[in-house]
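J.: Got a structure here, written out as structure tokens. Questions coming.
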Amino acid sequence: MSGGLSATARLALLARLSKRRGGEAPRPGAGSARDFTTLPGMRDFALLGTALESLDLESPLFQQHDGRAGAHSHIRGREVINFASYDYLGLNGDPRVQAAAKAAIDRYGVSPSGARITAGERALHRELEAALAEWHGTEAALTFVSGHATNVTTIGHIMGPRDVVVHDAAIHNSCTEGIRLSGARRIPFAHNDLDAAERELAAARRGAQRAMLLVEGHYSMDGDSPDLARCIAIAHRHDAWLMVDEAHSLGVLGATGRGVAETQGVDPAGVDLWMGTLSKTLAACGGYIAARADVIDWLRHTAPGSVYSVALAPPLAAAALEALRILRAEPERVARLQANGAGLRDRLKALGFDTGGSLGAAIVPVILGSSIRTAKVASALLERGVTSQVVVFPAVPEQSARLRFFVSAEHTPEDLDRAAQALAEAVASVGRVESLPPAGLPG
């Protein structure tokens, strides 16, 4: 099996792909080591495109928005209800956030024009980091230009070839890339199965110099959370660090949006490394690590993603700082978001849709079980004025293809009603669609 496809299905699709390309000019370096199609996964990547083409379907990916993508957006000149963006609290476009970014441009320019360690930093960087540290209850924090790069550089720098990382199988790609960079042994456990996590950590710990247990506070693919108190206990019991990725938790979980620790009533001091992003609730771009002051100071001076990378752009730092101030001052936004998330989940479940283990906080998956069906439903849904994120093979196994609805505090009850009804109509219009077939594609 590969990504959920049987060997027969893979061969059928590859044959179809080869037939489709039969009239194309030869690729440079075809058949040699210079042939890019020899890259791992490149031919798998082409499989879905082949399936979509055979069914006269456009790709549901890379939809172009004509302006700000808030609770509503415009795609191809048409207004749609937007469930494809991470603007959880509706702060992207808030006049106060925009004013803060513009003021930073007026004072500092658009770019910091170098790495902080050599080209200098701006007061905004330290102010934002102090605010993020306070938010997580840690001594210090460090920002990076990318959320993905934050995990890659931090995990890749902290862990090494003699170490082990035990992680939830649903962890984000940035985490697995960081582990790969570190050379540490990587051991996944079944999603949210902490019994398995402890077994794996206990078995691997004796042969490792250092160990890390790695989880997310709010899983973006499923909309659920781990038992944080138990994660802390497991990590401490086996002399391991605990790192929690809060990319989708900040501003989403807890009465005031402080994340998984707040919503579960757990002391955040039990977590060694908090990671988060600036591109979701905080309406900017970038990432951060919050931890002990000595750890942050060491990362600031030695982590490649800090030392050898340009600093966070001043307008982005200013926007994130202002968004965090608004979040602190207006927790009612979090309450509206959570009500909307639960409202959409409950509407969809009432219609018989599989929403997995979603908490109904901000992320509601609808598991449709076939990449072709999911793509067709996404297209039919967009025709009805609603857009959501599409997750298909090879990003997930073929039988786990899904639509993901990312809810905003800006959505109205009417938006939720329309979305649920539109999805029901879209699914009915598509009807039953088999998974990628074992004997070739239709037609």
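J.: Compare 76, 186, 384 by solvent-accessible area with a 1.4 Å probe and give them largest first, with all protein chains kept in place.
T.: The ordering from most to least exposed comes out as 76, 186, 384.
J.: Out of 288, 178, 244, whose Cα points farthest toward the positive end of the dipole of the chain (charges: +1 Lys, Arg; -1 Asp, Glu; placed on Cβ)?
T.: 178
J.: For residue 392, what accessible surface area do you get with a 1.4 Å probe? Give it in Å², rounded to 10.
T.: Here the accessible area works out near 10 Å².
J.: Roughly how many Å² of residue 143 are accessible to a 1.4 Å probe, to the nearest 10?
T.: Using a 1.4 Å probe on the heavy atoms, I get roughly 10 Å².
J.: On to the next question. What is the distance in Å between the Cα centroid of region 213-245 and that of region 382-397?
T.: A separation of 28 Å, based on Cα centres.
J.: Considering only 90, 109, 223, give the residue with the highest GNM mean-square fluctuation for the chain, with springs between Cα atoms whenever their separation is below 10 Å.
T.: Per the Cα network of the chain with a 10 Å cutoff, 109 tops the list.
J.: For 180, 206, 258, write out the residues from largest to smallest accessible area, computed with a 1.4 angstrom probe and no ligands counted. Walk me through the numbers before you get to the answer.
T.: On the way: 180 165, 206 195, 258 70 Å².
Sorted by accessible area, descending: 206, 180, 258.
J.: Cα gyration tensor of region 83-226, axes a ≥ b ≥ c as square roots of the eigenvalues: rounded (a/c below 1.5), prolate (a/b > b/c) or oblate?
T.: prolate
J.: Still on this structure, please answer the following. Kindly sort 280, 102, 376 by accessible area of their heavy atoms, largest first, with the probe set to 1.4 Å.
T.: Numbers: 280 20, 102 125, 376 60 Å².
Putting 280, 102, 376 in descending order of accessible area: 102, 376, 280.
J.: Aspartates and glutamates within cross-link reach of residue 102: Cα-Cα under 13 Å, excluding same-chain residues under 8 positions apart?
T.: Cα-Cα hits under 13 Å: 94, 322.
J.: Right, next: Say we join alpha carbon atoms closer than 10 Å with springs in a Gaussian network model of the chain; which of 92, 192, 82 then has the biggest fluctuation?
T.: Greatest mean-square fluctuation among the candidates belongs to 192.
J.: Over all alpha-carbon pairs of the chain, lay out the pair-distance distribution in 20 Å bins, whole %, shortest bin first.
T.: 24, 54, 22, 0
J.: Shifting gears a bit: Take the solvent-accessible surface of the protein heavy atoms, probe 1.4 Å, and return the percent of it on the chain that carbon and sulfur atoms account for. Intermediate results must be reported in sequence, preceding the final value.
T.: Values: 10010 of 18820 Å².
Answer for the chain is 53 percent, counting heavy atoms of protein chains only.
J.: OK, next. Does anyone have the angle between helix 314-329 and the longest principal axis of the chain? Alpha-carbon axes, 0 to 90°, nearest 10?
T.: 80 degrees
J.: Could you state how much accessible area residue 219 has, in square angstrom rounded to the nearest 10, with a 1.4 Å probe and all protein chains kept in place?
T.: 0 Å²
J.: Under a Cβ-Cβ cut-off of 9 Å, what is the net charge of the residues other than residue 151 that fall near it, where Lys and Arg count +1 and Asp and Glu count -1? The partial results should precede the final answer.
T.: Working: positive: none; negative: 177, 245.
Local net charge: -2.
J.: Same structure, new question: Compute the distance from the alpha-carbon center of region 342-370 to that of region 63-86, in whole Å.
T.: 21 Å
J.: Just 174, 113, 279 to compare: in a GNM of the chain, with alpha carbon springs under 10 Å, which one fluctuates most?
T.: 113
J.: Using alpha carbons only, how many degrees (0 to 90, rounded to 10) separate the axis of helix 332-350 from the longest principal axis of the chain?
T.: Helix 332-350 sits roughly 30 degrees off the main axis of the chain.
J.: Same structure again: Let me check I've understood the local charge: for residue 73, count other residues with C-beta under 13 angstrom from its C-beta, Lys and Arg +1, Asp and Glu -1. What total comes out?
T.: -2
J.: Turning to a different aspect of this structure: Sequence-distant or interchain residues sharing an amide H contact under 5 Å with residue 242, placed H: which?
T.: 213, 272, 273
J.: Note down the Stokes-Einstein diffusion coefficient of region 73-112 in µm²/s, whole number, using a Kirkwood radius over alpha carbon pairs, 20 °C, and 1.002 mPa s.
T.: On the way: Rh = 12.4 Å.
Once the numbers are plugged in, D ends up at 173 µm²/s.
J.: How many Å² of accessible area per residue for the chain, probe 1.4 Å?
T.: Ligands and nucleic acids excluded, the figure is 42 Å² per residue.
The values are calculated or read from the model by the stated rules, or taken from the named source; none is laboratory data. This structure is a prediction, so every number in the text was calculated from the model and none was measured. Cβ atoms come from the backbone with ideal geometry, glycine included; neighbour counts cover every protein chain shown. To get the accessible areas, we keep the full protein, side chains included, count just its heavy atoms, and leave off ligands, DNA and RNA. Shrake-Rupley method; radii C 1.70, N 1.55, O 1.52, S 1.80 Å.
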